[in-house]
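Asks: Here it is: the structure, laid out below.
Derivation of every value follows stated rules applied to the coordinates shown; laboratory data play no part. Model, not experiment: these values are computed from the prediction. Because the Cβ atoms are built from the backbone with ideal geometry, glycine has one as well, and the counts that use them run over all protein chains shown.
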Amino acid sequence: RSNAKHTRSSSSTEVIKPTKTKYTLLETKLWKALKEQLVQIFDWQNIYRAPTQWYWFQYNFLNNPMWLDVPGKKKKKKITNVITTTYTHIRIQEKVEEEEKENEKNTKSKEKDKKTEGDDNNSGLMLDELHTIAKAEMNHGSNMLEQVMKVLIEENDKSEQCWQKITEYQYKNPVYRGKQQIRQDAIPEGLQCDVESTELQQVSLMSKSYNYDAKYEYDYNNYVSQLCIRAHSLNEPFQEAVQTLFKDQLEKKLVKFTAGPVKTVQRVREKAFNYYRDSQFPTTAQVVDMVRCTLTFSSIEDYWKGVETLSKTDDLETDNANASIAPKLALMRCLNQFAEMKKGKHYREVSKTKLPIPAAYGDMKWNVIISVEQKDKEAIGIVGEIVLVLKPMFEYQKRSTELVQVLKLKEKIDKSLQINLPFEKRLRIAGTNPSLLAPLLIKEPHHFTEDCIRAKDAFGKTLLTRFLQNKDTPADLIGKYIACIPKPLMNEVWKAKIDAGRTPLMLILQYHNADIIKTVLECIPNYLRDELFKEKNNDGWTSLMLAARYQTYESIKAMIPFIPKDPLLWQNTSSKGLHVLHCICQNENEDAHKSLKDLLEVIPEHIRTKLVNTANKDGKKPIHYASLKASQKNGTGAVLAEMFPNEKEKESKTAE
């Protein structure tokens with residue numbers, strides 16, 4: 001608003017302009033004072049010691065709309081000239097072009113200064129400033145955790161040995177293997193539905209209320225209520241059974257036992273809806289941590305003893321014969337986060353023995369079945385959770401709980417912003433990340449237009465090429481993308497060459513597994529597939545030769561049914577005179593002899609004999625490479641000697 005002073009003088013008219021503010025929101029005294037206070041509240045050393053300060057921030061600021069403001073841009077202000085007379089106020093709006101230009105210059109200069117590799121993660125909101133403060137403290141905490149864990153791991157040789165066992169440990173239960181078996185209603189004594197989902201669907205159809213969903217009502221009200229009642233009734237037997245199992249270590253004070261609260265009805269509903277809404281009915285049966293406890297160990301040796309104690313326990317019965325209930329524990333599965341650590345995300349450096357030193361939280365979560373035999377009643381059971389955690393990890397999690405809320409808030413806001421971004425922007429953000437790209441391919445395949453498919457990055461690579469260079473891209477995701485390519489573009493996309501003249505098919509047959517090879521070759525039309533097998537890279541290698549040189553038996557086996565029947569394909573040679581048999585004899589995989597057998601069965605007999613006798617430009621035949629020490633492990637020499645004994649004799653005479 002204008003800061004004009006209105007006068008009531010009838011004889012004069014004055015025009016007063018407001019003062020211009022040349023600072024942004026981040027330059028205000030209010031933000032500077034708030035930022036100083038936030039740094040103190042988020043301080044890693046004191047955040048858990050001063051809960052009242054955090055509650056003050058949480059109540060007043062955490063969910064405040066101020067974080068959605070844009071700090072670096074000023075709104076285009078319209079300056080109001082106030083012309084005052086005796087009885088009237090006439091307001092005339094004018095645009096001030098000079099101020100707008102200054103704002104644009106300031107914004108551009110600040111954007112240039114802030115451009116870094118991580119700029120893609122910035123939403124351009126005040127929330128980024130809050131996230132930066134919280135992230136800095138989290139990094140500080142990670143550094144401290146890394147130092148403590150390094151001392152703990154390198155304490156002695158036994159600690160290092162135990163840590164190696166922990167990072168490699170896996171538990172597999174043949175009964176409970178997948179998502180469909182890890183449920184509350186999958187165990188013998190578990191809570192079963194007393195009504196079929198088809199019956200509930202029929203109730204919904206017959207109901208006069210169009211909004212009534214009987215399945216949802218039963219799942220999120222009836223079943224979850226019964227599950228929580230059972231959890232409360234079995235919570236004490238569960239906690240007692242775990243303490244009995246670790247009785248020796250608890251008495252020696254080698255471990256600290258903490259009983260967790262029973263999961264609430266509301267939390268079960270939220271977890272089921274957010275993570276398991278597409279699962280089998282009832283979805284709330286997927287929540288398998290209804291009763292829980294934590295065991296905290298001070299040393300790595302004691303931690304490994306705890307793992308051994310749990311892994312060797314099939315069931316546990318109480319010694320009290322007069323007890324009205326007799327609890328039993330049985331293992332369902334183990335989620336070992338230490339075995340899934342990735343460099344850069346969970347750890348940054350390794351110990352002297354090349355073992356990862358965690359810089360982020362990790363633990364072992366054991367899902368166990370607690371069943372109780374009741375007098376004159378059927379046994380009842382429920383799936384609970386036992387968490388094994390190291391003391392430094394426990395302290396790290398306790399201190400980071402509040403900071404994680406801030407980081408999750410940013411994730412939540414970024415997801416909501418991402419929905420409103422144009423498709424091209426979301427595609428660029430997704431890159432080749434399967435979890436981000438899959439929703440675009442499944443829900444918006446119509447957006448993958450010719451321009452999108454043809455588009456190349458700064459290195460001249462199309463989206464398909466970037467897909468294939470990422471070895472972690474799932475086969476079904478590649479298949480869905482290929483299905484989006486229009487037929488007129490097939491030739492252009494599949495024959496496009498990148499570094500060293502390689503086509504997409506060459507990348508697939510050189511690097512990817514059998515599932516992806518089969519998926520892709522099935523999607524390529526027959527006429528185009530035949531042409532692609534004949535294409536050569538800059539060194540004269542075909543896709544077939546690359547597969548023979550580098551791939552495993554399973555991958556080559558998946559490729560063979562799609563190899564064109566053109567006999568000339570087998571006679572293609574590289575710039576150094578190498579053909580497909582030269583390549584397979586140099587394959588370093590131990591199962592290369594199986595691949596050689598399968599290929600020899602496909603090659604026409606007259607060409608097969610010719611290839612065995614054909615030398616490259618260095619005068620070396622396939623049997624020569626098969627006879628080298630480096631190739632003796634793959635067994636190709638024995639296969640050639642068996643099928644072509646004369647060639648083996650010739651080679652040995654030549655060597656003499």
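Asks: How would THR264, THR294 line up from fewest to most surrounding beta-carbon atoms within 10 angstrom?
Replies: THR264, THR294
Asks: Here's something else I'd like to know. Starting from the 7 Å offset along Cα-to-Cβ, what nm value, one decimal, do you get for the label separation of THR258 and GLU601?
Replies: Between THR258 and GLU601, the simple spin-label model gives 6.0 nm.
Asks: Follow-up. Suppose R0 equals 25 Å. What FRET efficiency, 1/(1 + (r/R0)^6) with r the Cβ-Cβ distance, do LYS375 and ASP194 give to the nearest 0.05?
Replies: My answer for the efficiency is 0.60.
Asks: I would also like to ask the following. Just the projected area, averaged over all directions, of the convex hull on the alpha carbon atoms of segment 463-552: how many nm²? Please list the in-between numbers first.
Replies: Numbers: hull surface 21.2 nm².
Average of the hull's projected areas for segment 463-552 equals 5.3 nm².
Asks: Alpha carbon centre of segment 518-553 versus segment 345-404: separation in Å?
Replies: After rounding, the separation between the Cα centres reads 46 Å.
Asks: Can you work out the FRET efficiency for the pair LYS247 and TYR169, with r the C-beta to C-beta distance and R0 = 22 Å, to the nearest 0.05? Walk me through the numbers on the way to the answer.
Replies: Working: r = 23 Å, r/R0 = 1.04.
Efficiency, from the Cβ-Cβ distance: 0.45.
Asks: In whole Å, how far is the Cα centre of segment 267-299 from that of segment 148-172?
Replies: Going from one Cα centre to the other spans 28 Å.
Asks: Output ³J(HN,Hα) for segment 510-521: one whole-Hz value per residue in order, computed from phi by the Karplus curve 6.51 cos²θ - 1.76 cosθ + 1.60 with θ = phi - 60°, and x for Gly and Pro.
Replies: In residue order, the calculated couplings are 8, 10, 8, 7, 5, 4, 5, 4, 5, 4, 5, 5 Hz.
Asks: Along the Cα→Cβ direction, 7 angstrom out, place labels at ASN613 and TYR48. What is the inter-label distance in nm?
Replies: Label-label distance for ASN613 and TYR48, simple model: 7.9 nm.
Asks: Of the listed pairs LYS497/LYS518; LYS342/LYS410; LYS150/LYS342; LYS172/LYS312; LYS165/LYS345, which have alpha-carbon separations greater than 19 Å here?
Replies: Checking Cα-Cα distances, LYS497/LYS518; LYS342/LYS410; LYS165/LYS345 exceed 19 Å.
Asks: Given segment 173-388, what whole percent of its Cα pairs are spread farther than 29 Å?
Replies: 36
Asks: Can you sort THR52, THR609 by how many other beta carbons sit within 10 Å, fewest first? Walk me through the numbers on the way to the answer.
Replies: Working: THR52 7, THR609 14.
Listing THR52, THR609 from fewest to most nearby Cβ atoms yields THR52, THR609.
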